[in-house]
Structures are given as structure tokens and as C-alpha cells.
Amino acid sequence: MNYTPFYQSHLDSNGKVVDFGGWALPVNYGSQIKEHEQVRNDAGMFDVSHMVVTDIHGVDAKDFFRHLISNDVAKLDKFGVGKALYSGLLNREAGVIDDLIVYLMPFGYRLVTNAATEAKDLNWIKQVAANFKVELFPRRDLAMLAVQGPNAISKVIAAHPHVKDKLEQLKPFVAVEDNSYFYARTGYTGENGLEIMLPRTEANAFWSLLLEHGVAPCGLGARDTLRLEAGMNLYGHEMDETITPVACGMDWVVDLSDETRDFIGKNAYQLAKISTDQYKQVGLVLQGKGVLRDGQKVYVDGVECGVVTSGTFSPSLKVSIAIARISAALEVDSASVDIRGNHEAVRIISLPFVRNGKKMFN
């Protein structure tokens with residue numbers, strides 16, 4: 001079992017710790033619903049130290065990333081140091097190995113990838129890096145905490161008043177460094193907030209400081225319902241190495257604007273775009289009884305046309321919702337889902353369901 005720098009804080013806060021992909025992480029601290037609502041209405045914090053931070057140095061760093069990932073790091077240059085880019089990491093068949101964030105740094109780039117895919121990500125990245133003059137530096141000396149919610153930034157400022165001016169002016173998908181802390185205005189909840197990297201030796205003290213300023217601990221359960229309401233992908237559900245960005249709502253992170261840029265998976269992606277046998281990602285809102293869950297089949301006019309990739313009962317909307325992958329040829333606003341042998345009616349909507357605490361569909 002791997003333990004994050006916040007492990008003692010989880011125990012002290014009465015977290016229910018479970019094995020999450022080999023990491024000891026809290027699923028909740030009592031009530032998953034209350035934690036969800038805390039993030040939608042105020043501010044909550046999540047230990048995301050299991051995620052993988054890698055710094056990339058070297059004269060070929062930009063060329064390396066322009067080849068490695070689907071989005072184009074060249075566009076970060078016009079925004080400057082601290083700007084973040086969300087992208088897909090594709091295989092040669094345009095399947096999604098992972099999704100990730102890259103930050104432009106004074107030394108090169110900082111890469112944040114998912115814990116569940118750590119081994120295969122790093123093997124693939126090192127394999128590609130062998131053809132470029134770059135060096136990879138894993139940053140397990142850092143802890144990482146996501147502070148999310150409408151009051152997240154103001155509460156972090158209350159805890160760290162010396163960065164008030166920097167954080168008040170911080171724009172979405174931009175990061176700023178101060179005294180060995182790295183504050184990024186990013187997140188996985190559909191709310192305003194920060195993802196903060198800090199020295200692991202200071203993790204528990206920072207946790208306690210945020211607790212004193214009214215930031216509530218939140219676990220994996222609330223993180224999942226929040227990201228699902230926000231229509232955000234989870235690896236192994238919405239995306240994997242057999243799913244292209246076309247089929248999982250990630251078209252927007254594939255940049256084809258520079259025709260001369262040859263990134264991994266480009267040709268296969270372009271073929272997938274014009275394929276007649278393609279899928280698309282949609283949201284489902286249950287009209288009938290039960291709860292939508294991953295793996296359930298979706299039907300239109302009695303014909304199977306897709307599958308639920310993630311489903312839950314939405315604490316914000318008080319109804320069951322799901323992300324699904326269905327045939328791209330369908331232009332319908334209703335379907336049914338097989339729930340324990342019964343075909344229950346669902347509405348088909350565009351994602352997300354909730355953003356910044358507000359319902360996003362009629």
C-alpha cells in the first residue's frame with residue numbers, strides 16, 4: 001500500500017480510508033452527500049497526492065511535447081510561464097492512454113498524470129523521450145491538495161494572505177509559484193478552485209491550517225459525484241486505450257491547426273473523425289426508476305445503441321444521471337436504459353449537468 005503525505009491528516013479527520021489503486025485514500029469522512037454539497041456551496045479539499053508530477057527539462061522539451069500529446073504546447077508560449085494545457089496522451093491508434101495537464105515552467109514543463117495509469121504512462125513517455133534531448137524528474141517530494149468550491153480561493157487566501165494579490169488575479173488554467181508552493185487554478189469538480197502542490201514535509205500542517213479556515217475534508221466518493229455532474233471523464237470509464245477522443249468528448253483537446261505538427265495518433269485520429277461507425281459522448285437523465293450505473297446498455301426504439309460509462313444519483317439535481325457513449329449517427333433526445341431487465345426512459349442532453357453550482361440543462 002502507498003501512503004500520501006496527508007495520510008495522518010485523514011486519520012485525524014476520521015476519514016474512512018480504503019485501497020484506491022494501491023493508495024490509502026479516504027472514500028469519505030462521514031457523509032459523502034454533505035461533502036459534495038460543501039464543495040458546491042462553500043469549499044472542500046481533496047488529497048490528490050497520488051497523482052504523478054513529473055518535471056521535464058531539456059533543449060528538446062517543446063518538440064518532445066508537440067510530438068507526444070494531442071494538444072499543442074506551442075500555444076502556451078503566448079501566455080507565458082504558469083499557463084496550463086489539458087491534453088490527451090494517445091497511442092498510435094489514437095486510443096487514449098491517459099488525460100493530463102502540462103504547465104509551462106521556467107525550466108521547461110511540468111506534467112501531471114493519473115495515478116491509476118502511472119506505470120504505463122511513464123513507460124510510454126520514456127520510450128518517446130529516448131528520441132529527444134530531455135530529462136524527466138519525478139516529483140514525489142511534493143504533496144498535492146485540491147481546494148474546490150465557490151469560496152475555495154478566498155479561504156486559501158485567508159490561510160495564506162501573503163499570496164492574496166497573486167491568487168485574486170489568477171485566471172483559470174494558470175498557475176503561480178510562491179515560497180515553494182505551486183497554486184494552479186484547475187480542478188475536477190466543475191467549481192472554482194485550486195490544485196496546490198507543496199513540499200510533502202508541510203502537508204499535514206497545511207491541512208490543519210485549511211481546516212482552521214473552514215475548508216472541509218472531502219473523499220473519493222464526493223470527488224466522483226462532483227466530476228460526473230461536471231461531465232468530466234474518468235480513465236477506465238469514459239476513456240481507455242481502445243477509445244478515441246472522438247468517442248469520449250475529447251475532440252477539443254486535439255489541435256490540428258498546425259498541419260506540419262506530427263503528433264502520435266494523428267493519422268488514426270483523422271480517420272476516426274470521418275468514420276461512419278463512430279460513437280459520441282452524451283449525458284443521460286433518468287426519467288424512470290432506479291439508478292444509472294456503468295455498463296448498462298442504452299437503447300433507441302428497442303435497438304441497442306450504446307453503453308453507460310459512468311452513472312450515479314446526483315446530489316445536486318436529486319435525480320440519477322449518467323455519461324454514456326452512443327452511436328454518433330443518432331440525433332435523438334430520448335432513449336431507454338436496461339436497469340435490471342427493465343427498460344427505463346432517459347433524456348439525452350449535452351454535458352455538463354452542473355457547472356459552478358448551476359443546472360446546465362432545461
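Computed from the coordinates by the stated procedures, all read-outs in this text should not be read as laboratory data. Predicted model, so just to flag it, every value in this text is computed and none were measured. All Cβ positions, even for glycine, are placed from backbone atoms using ideal geometry, and neighbour counts span all protein chains on display.
Restricting to the range 221-262, what's the tally of residues that are assigned to a loop (DSSP other than H, G, I, E, B) and touching a residue at least 60 places away in the same chain (Cβ under 8 Å)?
Residues of the range 221-262 that are assigned to a loop (DSSP other than H, G, I, E, B), as a first pass: 230-234, 236-238, 240-244, 249-250, 254-262.
After this cut, where a residue has to be touching a residue at least 60 places away in the same chain (Cβ under 8 Å) as well, the list is 230-234, 236-238, 240-244, 249-250, 254-255, 257-258, 261-262.
The total comes to 21.
Enumerate the pairs (first residue in the range 36-63 and within 21 Å of Gly219 (Cβ to Cβ) and touching a residue at least 12 places away in the same chain (Cβ under 8 Å); second residue anywhere and among the β-branched types (Val, Ile, Thr) and in a strand (DSSP E or B)) with beta-carbon separation below 6 Å, excluding pairs fewer than 6 apart on the same chain, so at least 6 apart or on different chains.
What qualifies is Met45/Val147; Met51/Val112; Val52/Thr113.
Lys83 - would you say it is of a type outside the set (Val, Ile, Thr) and within 21 Å of Ala175 (Cβ to Cβ)? Outline the logic, then answer.
Working: of a type outside the set (Val, Ile, Thr): yes; within 21 Å of Ala175 (Cβ to Cβ): yes.
The answer is yes for Lys83.
May I ask you to say which residue of Arg325, Arg355, Arg293 is crowded, with 16+ Cβ neighbours inside 10 Å and of a type in the set (Lys, Arg)?
Details: Arg355 fails: crowded, with 16+ Cβ neighbours inside 10 Å; Arg293 fails: crowded, with 16+ Cβ neighbours inside 10 Å.
Residue meeting the stated conditions: Arg325.
Specify which of the listed residues (Ser310, Ser314) is polar (S, T, N, Q), under 21 Å from Tyr279 (Cβ atoms) and surrounded by 13 or more Cβ atoms within 10 Å (Cβ to Cβ).
On the way: Ser314 fails: under 21 Å from Tyr279 (Cβ atoms).
Of the residues listed, the single one that is polar (S, T, N, Q), under 21 Å from Tyr279 (Cβ atoms) and surrounded by 13 or more Cβ atoms within 10 Å (Cβ to Cβ) is Ser310.
Consider the range 189-220. How many of its residues are part of a loop (DSSP other than H, G, I, E, B), crowded, with 20+ Cβ neighbours inside 10 Å and of a type outside the set (Val, Ile, Thr)?
First, pick out the residues of the range 189-220 that are part of a loop (DSSP other than H, G, I, E, B): 189-192, 213-215, 218-219.
Still in the running and crowded, with 20+ Cβ neighbours inside 10 Å: 189-191, 215, 218-219.
Those still in the list that are of a type outside the set (Val, Ile, Thr) too: 190-191, 218-219.
Within the range 189-220, residues that are part of a loop (DSSP other than H, G, I, E, B), crowded, with 20+ Cβ neighbours inside 10 Å and of a type outside the set (Val, Ile, Thr) number 4.
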